[in-house]
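Undergrad: My questions will all concern the structure given below.
The values are calculated or read from the model by the stated rules, or taken from the named source; none is laboratory data. Note that the structure is predicted; figures quoted are calculated from it, not measured. Cβ placement follows ideal geometry from the backbone for every residue including glycine, while neighbour counts extend to all protein chains displayed.
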Amino acid sequence: MITLKCHAGIGEVVEGEALVAADDFSARYDLDRINGVFSRPQHKLFGQSYVDKILVLNTSKGGVASAWMLHEMKSRNLSPKAILFNRANTILAQGAALANLTMCDRFEDGDITSLITTGEQVRVDPASGLVTVER
Amino acid sequence: MKLNEEEQAMLAGELGEPKRWALDHMLKVGAMFDAADLVPVSQAHMMADPESLGDAGVGFMEELAAHPAEDRRVAVPMITDPRGVDLERYRPLGQTEEMADLERRFIAACSAMAILMTNTCINYQTIMPPVQGEHVAFGDTGVVIYCNSVLGAYSNFEGGPSALAAGLTGRTPRYGLHLPANRRATKRFTVRHQPGELTDWGVLGAVIGKLSGSYWEVPVVEGLEQVPTSDEVKHFGAAMASYGSTPLFHLVGITPEAPSLAAVGGEGLEAIEVSEQDLSALRSSFGAKGDKVDVVVFAAPQLSLVEMQQVADLCAGRKIHADTALIACTSPSIYYEAQRLGLVETIETAGGRVLEGTCFYNQYAREIGEANGWTRLLSNSAKIVNILGGYGYKPALASMEHCVASACAGEIV
């Protein structure tokens, strides 16, 4: 098990399976939110389901719609359990705050997309700024 | 976060539930970004289309709007970004009654809170542009990047919930671009190939946004030989914000915070040249001559009155191909002017459609694409072709002139 330290984030303690890519994120640009999959052909996670995953990505991009969209996705139980970024933008943090979706960023040990591997079990404690990975 | 007496009263619920929610929301967001306190804002602008809101978001707004009038009313002037449904014209687009009902419910909730339904992403051209140094809480990335960069206002990207919190309280957490230190340049770009028409400006903005790559980078650009028009820099900024999540840029000798490179701290930065290959690589990823076109879209951002005239002039005396749709999206105030001046009629006579108070990509783009059999989309907006790939479209990019010519030919010319 390893423990990774990050900036204090938003939301509750959650555990789940990691889905990782060295790519960016926008709920508007990248997702088919009806079916819960990445739908942008150019995205490294194209075709994969994000539902109930701990998403691990580089940064957030694109427009402001993602803020409402996280709330909407969570209301239908078709959202990730948490999103970890190297660096979140303001929109995703604001959306996480409304949706009560767990979100953390700024990891002390470097690029989070290379520190966690898809399929690993991850526990996120946003208040303490700690992410533990079982291995 | 340090709160004054009035803010503590808001947080305690003494000024009603909507303000309590807003304070709580701002504390969460402010903590993530290490805000020391709240900063007063003079205006708020909220992005909230029904596709993004869903039933959950509309329900959330209705709950806030159900509180007593004195509690729910916004504290500073608050305006809205484009709607997702043009209630006068949605049926021919294939939008459903369910979509329209969500829109109607949302409008009723906003109206109860005294939010002005301006339905525009070009408020800096049409409503009340902020002045240099004015703190505002604007949504829509294109609005924010324009107001920060061109006008020198201070705003973060405020998603709908945060813009609403700002509107209800007249404050926003002081972090990001509300702090002068974060407005200094972090990346320096040199332009050698001068942009011409609107799409060139969009492509240049897109390339710089892509190379900047994060909300926390501030590009400074040297080498532009011509001061852009408001429409040109609108496309430049909207594309940059779309590709890079970039909220602020400086143009040396042009934008107000950058009379010189030194003024934004750009001297010590390594200069990155924007090459012709960078520009053509971005263009070539979108469509090619001879490809069929299902729908030609002018939107993202909404058209100014000047752009409406340009589209109308290009449409005058021509006929849009029977298998191709042409859609132009503008704000309600510009629509009124364009109608009064005969521009709407000219576009419609050619077979085009003008939508009022919406923008194509936030009006259920996936569903209207499926309802109308639209996949091959052509636009002069570098922003919209970036967005719509994820919505099942095959987007292509061309100048406004080529877009109209292609709409008439039914294929990219």
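Undergrad: Quickly run through segment B:90-112 and pick out the residues that are assigned to a loop (DSSP other than H, G, I, E, B) and surrounded by fewer than 21 Cβ atoms within 10 Å (Cβ to Cβ).
TA: Within segment B:90-112, B:Gly94, B:Thr96 qualify.
Undergrad: Go through segment A:8-29 residue by residue and tally those that are within 7 Å of chain B (Cβ to nearest Cβ) and surrounded by fewer than 21 Cβ atoms within 10 Å (Cβ to Cβ).
TA: 1
Undergrad: Among the residues of segment A:45-64, write down those that are within 12 Å of chain B (Cβ to nearest Cβ) and either among the polar types (S, T, N, Q) or crowded, with 24+ Cβ neighbours inside 10 Å (or both).
TA: If the condition is that a residue be within 12 Å of chain B (Cβ to nearest Cβ) and either among the polar types (S, T, N, Q) or crowded, with 24+ Cβ neighbours inside 10 Å (or both), then A:Asn58, A:Thr59, A:Ser60, A:Lys61, A:Gly62, A:Gly63, A:Val64 are the ones that fit.
Undergrad: Return yes when A:Glu17 is under 13 Å from the mean Cα position of the chain (by Cα), of a type outside the set (Ser, Thr, Tyr) and farther than 21 Å from B:Gly244 by Cβ and no when it is not.
TA: yes
Undergrad: Let me ask something else. Can you find, within segment A:71-85, the residue that is nearest to the other protein chains (Cβ to nearest Cβ) among those that are surrounded by 24 or more Cβ atoms within 10 Å (Cβ to Cβ) and over 15 Å from A:Leu31 (Cβ atoms)?
TA: A:Phe85
Undergrad: Only residues that are crowded, with 20+ Cβ neighbours inside 10 Å and free of Cβ contacts under 8 Å to residues at least 40 places away in the same chain: list them for segment B:229-257, please.
TA: Answer for segment B:229-257, where residues must be crowded, with 20+ Cβ neighbours inside 10 Å and free of Cβ contacts under 8 Å to residues at least 40 places away in the same chain: B:Glu232, B:Gly244, B:Val252.
Undergrad: So, in segment B:46-89, exactly how many residues are in a helix (DSSP H, G or I), away from chain A (no Cβ under 13 Å) and touching a Pro at 6+ places or on another chain (Cβ under 9 Å)?
TA: 3
Undergrad: If I filter segment A:30-44 down to residues being within 15 Å of the chain's Cα centre (by Cα) and modelled with pLDDT under 95, which single residue comes out as farthest from the other protein chains (Cβ to nearest Cβ)?
TA: Applying the filter and picking the extreme gives A:Arg33.
Undergrad: With the structure loaded, tell me whether A:Thr102 is among the hydroxyl-bearing types (Ser, Thr, Tyr), under 12 Å from the mean Cα position of the chain (by Cα) and within 30 Å of B:Gly237 (Cβ to Cβ) or whether it fails that test.
TA: No, not satisfied.
Undergrad: Taking interchain pairs and intrachain pairs at least six residues apart, which have beta carbon atoms under 6 angstrom, with the first residue in segment A:92-109 and farther than 13 Å from A:Ala65 by Cβ and the second buried (at least 24 other Cβ atoms within 10 Å of the Cβ) and among the basic types (Lys, Arg)?
TA: Matching pairs, first to second residue: none at all.
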